[in-house]
Amino acid sequence: MQYDNLLVEEKDGILVLTINREKALNALNRQTMLELFQFFSSDDPRSSEVKGVVITGAGSKAFVAGADIKEFLDLDPKTGAEMAKKGQDIFFMIEQFPKPVIAAVNGFALGGGCELAMACHLRVASPSARFGQPEVNLGIIPGYGGTQRLIQYIGKTRAMEYLMTADMFDAQQALDWGLVNYLVPQEELLEKAFSLINKIATKGPVAIQEVIKLVNAHFADPGSGFDKEVEAFGVTAGTEDFREGAAAFIEKRPAHFKGK
Ligand code: CAA
């Protein structure tokens with residue numbers, strides 16, 4: 001399949017998926033989200049020849065700097081909630097994918113980028129990786145599962161702080177707190193992801209599929225936080241504050257929020 005914003009390369013039975021919008025720090029616009037859906041729902045990564053998938057970002061600065069803020073300006077509560085629901089569904093697809101999916105985090109993993117990395121089964125990071133959920137800077141909330149998965153990985157205390165302050169944390173903190181599996185030099189990032197997938201490929205594929213399902217099942221709580229996140233994303237997407245926050249980002253100035 002041909003994609004505009006994804007590069008797909010096969011290396012020794014491993015598919016490397018590069019989000020390829022380097023000038024926009026690989027921000028996830030609608031087209032990129034559609035292509036992620038197309039890739040994970042296609043037969044290509046499910047082929048018995050494929051051992052697993054590595055997701056990374058083009059260039060040396062960013063994994064993914066979030067959802068594309070420049071596409072946000074016309075959101076209202078309904079379209080905001082729809083966007084969050086679609087994004088969550090795509091990330092659930094990745095989380096439930098029956099073969100290992102590893103995020104190779106090579107720079108900023110913010111907002112939807114941190115959420116994408118958290119939807120993968122494992123994460124390896126380079127020293128330049130920076131994680132965070134900066135949505136409140138824009139007057140919105142994470143909409144692709146960030147309010148739920150960040151707690152799973154770093155615990156309520158830290159998640160509450162980082163979701164409210166919008167601060168970033170670095171690769172060493174992410175390693176210490178259990179968000180990333182390995183921290184390796186930038187030039188060894190893909191190699192480390194490959195070696196993990198190659199090791200997993202020596203195990204029983206059905207057993208691996210079941211492990212993925214079961215670990216995810218531990219956190220499954222239908223109808224809870226993920227659905228509430230969709231509703232709340234819609235609510236915040238309909239506020240004047242959000243329009244001000246997104247405009248301020250684009251105009252490269254501080255936002256002036258009014259609480260409306
Ligand atoms: N959406 C659209 N464009 C983005 C972007 C994003 N999320 N992040 C960066 N860009 C663009 C910038 O607008 C800029 O484009 P121009 O050259 O055309 O001005 C280009 O990428 C380079 O970015 P900066 O000049 O800002 O680079 P920097 O080094 O000064 O800062 C950064 C890097 C700290 C990552 C900064 O770009 C930034 O804060 N980005 C936004 C991060 C963010 O808020 N992400 C959350 C988005 S909302 C979301 O993801 C909601 C959700 O859960 C679904």
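Throughout, read-outs are computed from the coordinates displayed, never taken from laboratory work. What you are looking at is a predicted structure, and each value in this text was computed from that prediction instead of being measured. Note that we place each Cβ from the backbone using ideal geometry, even for glycine, and neighbour counts take in every protein chain shown.
Roughly how tilted is helix 205-219, in degrees to the nearest 10 and between 0 and 90, from the longest Cα axis of the chain?
Approximately 30 degrees, to the nearest 10.
So what is the calculated 222 nm ellipticity per residue for the chain, using -39500 (n - 2.57) for each DSSP H run with n of 4 or more, over all residues, to the nearest 500 deg cm²/dmol?
About -14000 deg cm²/dmol.
Report the FRET efficiency, 1/(1 + (r/R0)^6), for Glu71 and Ser224, where r is their Cβ-Cβ distance and R0 is 25 Å, rounded to 0.05.
About 0.30, to the nearest 0.05.
Using amide H atoms built 1.01 Å from N in the peptide plane, name the residues 5+ places from Phe63, or on other chains, whose amide H lies under 5 Å from its own.
So Phe63 has HN proximity to Asn106, Gly107, Phe108, Ala109.
Where does the Debye-calculated log10 I(q)/I(0) of region 126-178 sit at q = 0.15, 0.25, 0.27 Å⁻¹, using only Cα point scatterers of equal weight, no solvent?
Here the Debye-derived log intensity ratios amount to -0.38, -1.00, -1.13.
Taking the 0 to 90 degree range and rounding to the nearest ten, how far is the long axis of helix 225-237 tilted relative to the main principal axis of the chain, both from C-alpha atoms?
In the chain, helix 225-237 runs at an angle near 40 degrees to the longest axis.
Report the label-to-label distance for Ala217 and Gln186 in nanometres (one decimal), using points 7 Å from each Cα along the Cα→Cβ vector.
Each label point lies 7 Å from its Cα, and together they span 4.3 nm.
Rounded to the nearest 10 degrees, what's the angle between the helix 189-200 long axis and the longest principal axis of the chain, both from Cα atoms, 0 to 90?
Value to nearest ten degrees: 50.
So which residue, out of Gln148, Gln38, Gln172, gets the largest mean-square fluctuation from a GNM of the chain using Cα contacts under 10 Å as springs?
Comparing Gln148, Gln38, Gln172 in a Gaussian network model of the chain, the most mobile one is Gln38.
With no solvent and one equal point scatterer per Cα, compute the Debye intensity ratio I(q)/I(0) for region 205-251 at 0.20, 0.27, 0.28 Å⁻¹ and report its log10, rounded to two decimals.
For the requested q values the scattering log ratios are -0.73, -0.93, -0.95.
Taking the Cα centroid of region 222-260 and of region 127-182, what is the distance between the two, rounded to the nearest whole Å?
17
For the chain, build the charge dipole from Cβ charges (+1 Lys, Arg; -1 Asp, Glu) around the Cα centre, then report which of Gln209, Phe233, Leu150 sits farthest towards its positive end.
With unit charges placed on the Cβ atoms, the residue in question is Leu150.
Past the 26 Å Cα-Cα mark, which pairs from Lys156/Lys213; Lys85/Lys260; Lys86/Lys228; Lys51/Lys85; Lys99/Lys156; Lys61/Lys99?
Pairs exceeding the cut-off: Lys51/Lys85; Lys99/Lys156; Lys61/Lys99.
Stokes-Einstein D for region 1-138 at 20 °C, 1.002 mPa s, Kirkwood Rh over Cα pairs, in µm²/s?
The estimated diffusion coefficient comes to 143 µm²/s.
If you project the alpha carbons of the chain onto the principal axes, what extent comes out on each, in Å, largest first?
So the three principal-axis extents are 56, 39, 38 Å.
Within region 224-243, find all residues whose amide N lies under 20 Å from a label point positioned 7 Å from the Cα of Phe92 along Cα-to-beta-carbon.
224-235
Apply the Kirkwood formula to region 77-173: the hydrodynamic radius equals the inverse of the mean of 1/r over all pairs of different alpha-carbon atoms; give it in Å with one decimal.
Final number for the Kirkwood radius of region 77-173 is 13.6 Å.
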